[in-house]
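The values are calculated or read from the model by the stated rules, or taken from the named source; none is laboratory data. In this text, all values refer to a predicted model and were calculated from it rather than measured experimentally. Here the Cβ is made from the backbone with ideal geometry for all residues, glycine too, and neighbour counts use every protein chain on show.
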Amino acid sequence: MNMKKNMYSQTDNTKTQKLVQTNMGSMPLEDYLEIRACQYGFSSYEEMKEDGLSIEIPGD
């Protein structure tokens with residue numbers, strides 16, 4: 001799966017949500033991190049962080 005890691009923000013009336021541009025379109029950063037963590041065998045991104053691992057977020 002080839003995912004471009006371009007980031008941009010989408011302004012909603014009440015909050016700004018970070019989005020990741022993928023080959024299938026854009027998706028919320030939180031969802032992207034959960035999917036990637038599951039691809040590495042974790043149940044969640046939180047579980048992955050508890051094991052001392054993280055996913056580099058471009059632009060941060």
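From the set of residues in the stretch 1-20 that are in a loop (DSSP other than H, G, I, E, B) and under 13 Å from Ile57 (Cβ atoms), which is modelled with the highest pLDDT? First the steps, then the outcome.
Pass one, the stretch 1-20, residues in a loop (DSSP other than H, G, I, E, B): 1-5, 12-15.
From the residues that got through so far, the ones that are under 13 Å from Ile57 (Cβ atoms) too are 3, 5.
Working: Met3: 50, Lys5: 54.
The selected residue is Lys5.
Consider Asn23 carefully, then state whether it is modelled with pLDDT under 85 and either more than 9 Å from the chain's Cα centre (by Cα) or among the aliphatic types (A, V, I, L, M) (or both). Working first, answer last.
On the way: modelled with pLDDT under 85: no; either more than 9 Å from the chain's Cα centre (by Cα) or among the aliphatic types (A, V, I, L, M) (or both): yes.
Here the answer is no, as Asn23 does not meet what is asked.
Being under 13 Å from the mean Cα position of the chain (by Cα) and aromatic (Phe, Trp, Tyr) is the filter; apply it to the stretch 32-49 and report the residue that is modelled with the highest pLDDT.
Tyr45
Every residue in the stretch 31-60 that is among the acidic types (Asp, Glu) and touching a Phe, Trp or Tyr at 6+ places or on another chain (Cβ under 8 Å), please.
Restricting attention to the stretch 31-60, the residues satisfying the condition of being among the acidic types (Asp, Glu) are 31, 34, 46-47, 50-51, 56, 60.
The answer is Glu34, Asp51.
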